[in-house]
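So the structure is just underneath, and the comments pick up after that.
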Amino acid sequence: MDSLSKRKVVFGSVALAGLALASPHALAVDLTGLNDAPAYGEMVLGPDTAKVTVIEYASATCPHCAAFYNETFIALKKEYIDTGKIRFIMREFPHNDAALAAFMLARCAPKEKYFPLIDVFFLTQPEWTQNPLEGLGKIAQQAGFTTAEFDACMKNEAIAKQVLEVRKKAEGFGVDSIPTFFINGEKYKGDTSIEAMRKLIDPLLV
């Protein structure tokens with residue numbers, strides 16, 4: 001789904017369609033700056049003092065990202081994040097207009113509502129992506145947005161550019177598919193199972 005249904009969200013001069021996934025052979029991967037927060041702030045769960053930092057690049061409309069959330073992340077949060085063992089960072093990597101709009105909505109919301117909105121995007125992905133604009137409007141209403149606030153968010157060029165800048169920077173780190181994870185700086189791809197995540201994380205906690 002490359003465009004929003006029925007009515008196009010206005011992004012000013014920002015256009016996601018012109019952003020193609022970078023070829024891994026076209027870039028020299030340099031991880032300098034991987035741990036630097038985006039200009040509009042990092043979205044983090046878990047303590048800064050954790051031995052292990054997991055960075056996930058994901059798209060709100062990506063089925064594999066939703067599968068990771070529904071099948072792995074909930075267990076990961078219970079076992080590792082809530083117990084203070086890992087620091088988990090979510091970074092936006094929208095791969096179509098609907099995903100960009102969803103991340104814009106999450107960034108327009110108060111910071112404490114960011115992860116609850118991400119939860120809703122992944123848990124209800126098959127429903128709201130049928131008609132993204134209408135679906136996001138309903139989610140926004142449930143999150144306390146007025147219709148005017150939602151419309152203003154969808155037209156907020158500054159936020160759109162910030163989200164796309166996170167994606168552009170990620171491409172420089174060799175991110176060419178989603179979800180992609182960096183665990184203490186090591187890159188892993190795919191909707192990894194909780195068993196696989198345990199094997200990657202547990203040795204780093206010793």
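If the condition is being aliphatic (A, V, I, L, M), more than 20 Å from Thr61 (Cα to Cα) and in a helix (DSSP H, G or I), then the stretch 163-204 contributes Ile194, Ala196, Met197, Leu200, Ile201, Leu204.
Kindly indicate the residue of the stretch 46-66 that is surrounded by fewer than 18 Cβ atoms within 10 Å (Cβ to Cβ) and under 14 Å from the mean Cα position of the chain (by Cα) and also nearest to Leu205 (Cα to Cα) among those meeting that condition. Taking the candidates together, the pick is His64.
Summed over the stretch 138-151, residues that are over 21 Å from Pro63 (Cβ atoms), of a type outside the set (Phe, Trp, Tyr), touching a residue at least 24 places away in the same chain (Cβ under 8 Å) and part of a helix (DSSP H, G or I) total 2. Going by the conditions given, is Pro110 surrounded by fewer than 21 Cβ atoms within 10 Å (Cβ to Cβ), within 23 Å of Ala39 (Cα to Cα), out of contact with any helix residue (DSSP H, G or I) (no Cβ under 7 Å at 6 or more places or on another chain) and without any contact (Cβ under 8 Å) to a residue 12 or more places away in the chain? Criteria met by Pro110.
Of the numbered criteria (1) touching a Pro at 6+ places or on another chain (Cβ under 9 Å); (2) at pLDDT below 95, the one Ala37 fails is (1).
The values are calculated or read from the model by the stated rules, or taken from the named source; none is laboratory data. Please read these numbers as outputs of a predicted model, since none were measured by experiment. Cβ sites come from the backbone with ideal geometry, for glycine too, and all protein chains shown count toward neighbours.
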